[in-house]
Amino acid sequence: MGRSRRTIPEELLLLALDPATGTTAQPQSLDLGLAGAQLVELALAGRIAPDGDRIAVVMARPTGDPTLDSALELLRRRGSPVRAVHWIGGPRLGLRQIYLAHLERCGMVHAVSGQMCGVLPTTRYQATETAISRDIRARLDSAIRTGVPPDPRTAALAALAHAVGLGKHLYPGNEGRSSRSRLRDLIRHDPMGGLVAHAVMDVQNGVAAQPRRGGQGPGAAPDNGSRHAAAAGVPMQPHHGAMARAVAHH
């Protein structure tokens with residue numbers, strides 16, 4: 001995977017950075033969204049694929065991106081396909097901070113140290129390559145404004161932005177209501193991105209903590225991923241499984 005192209009996790013994090021405060025919007029759900037974005041990126045790279053409602057590694061060869069390869073290796077070590085929502089709810093920590101540090105090394109953000117209440121140390125991040133952030137935002141705005149189906153990467157980014165609640169950050173207030181609605185509608189233009197986004201929302205709603213009832217046979221009830229896929233207009237066979245990893249904000 002060449003580094004000339006920004007990855008979906010990088011773009012999602014840049015979208016979430018508030019230029020005024022140097023903080024990230026929706027920090028808790030963003031942690032899940034970044035891991036979901038890793039899944040989409042690995043799928044686009046041909047490293048993972050859906051296996052029913054599970055995620056399977058189909059090619060273990062590294063992508064060349066350390067953060068993606070770390071996720072790929074964790075999946076490989078499982079030895080068998082893993083259910084999407086179980087992976088999402090896994091207690092793997094620090095992903096957002098890893099990506100912030102990565103963006104700082106790449107020169108796309110710089111860290112600004114400070115204090116809260118004059119005592120507690122804080123770190124804020126300011127975008128340095130503002131043209132990159134404007135380009136990412138312009139792609140979303142164009143997809144929303146024109147109604148033309150976006151490319152898979154932009155569609156997946158839009159789906160994840162909606163899933164983590166960035167709509168009200170990107171398009172605030174009553175005047176942004178129609179744009180937020182259209183952002184949500186873009187979720188149907190990329191099956192993998194859409195299912196990942198629904199999985200992120202499932203974890204936020206506590207679905208991952210609920211025990212799975214019934215078997216996987218013909219008589220089993222469809223899971224939440226299946227219901228979400230039907231609602232989004234996504235073909236049910238094969239499932240495009242979804243995952244994300246919950247991480248803590250430092």
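Nothing in this text is a laboratory measurement; each read-out follows from the coordinates by a stated rule. Note that this is a predicted model, so its numbers are computed, not measured. As a convention, Cβ positions derive from the backbone with ideal geometry for all residues, glycine included, and neighbour counts pool all protein chains shown.
Some points to look at:
- Estimated FRET transfer efficiency when R0 is 41 angstrom, pair His110-Asp141 (beta carbons, to 0.05): 0.95
- With the highest mean first, a sort of the peptides 95-106, 34-45 on other beta-carbon atoms found within 10 angstrom per residue produces 34-45, 95-106.
- Projected label distance in nm at Thr122 and Val148, using a 7 Å step from Cα toward the beta-carbon: 4.2 nm
- Of every Cα-Cα pair in segment 1-156, the percent that sits beyond 22 Å: 47 percent
- Packing, as the average of other Cβ atoms within 10 Å across residues, places the peptides 58-68, 21-31 in the order 21-31, 58-68, highest first.
- Segment 1-82: trypsin sites (Lys or Arg not before Pro) falling in loop per DSSP and having at most 13 other Cβ within 10 Å: Arg3, Arg5
- Fully extending the segment from Asn205 to Ile98 would add 36.0 nm, taking 0.36 nm per residue of separation and subtracting the current Cα-Cα distance.
- Extension gain, Ala60 to Leu74, is 4.0 nm, computed as 0.36 nm per intervening residue step minus the present C-alpha separation.
- Each peptide among 120-130, 191-201 gets the average number of other Cβ atoms lying within 10 Å of its residues, and from highest to lowest they stand as 191-201, 120-130.
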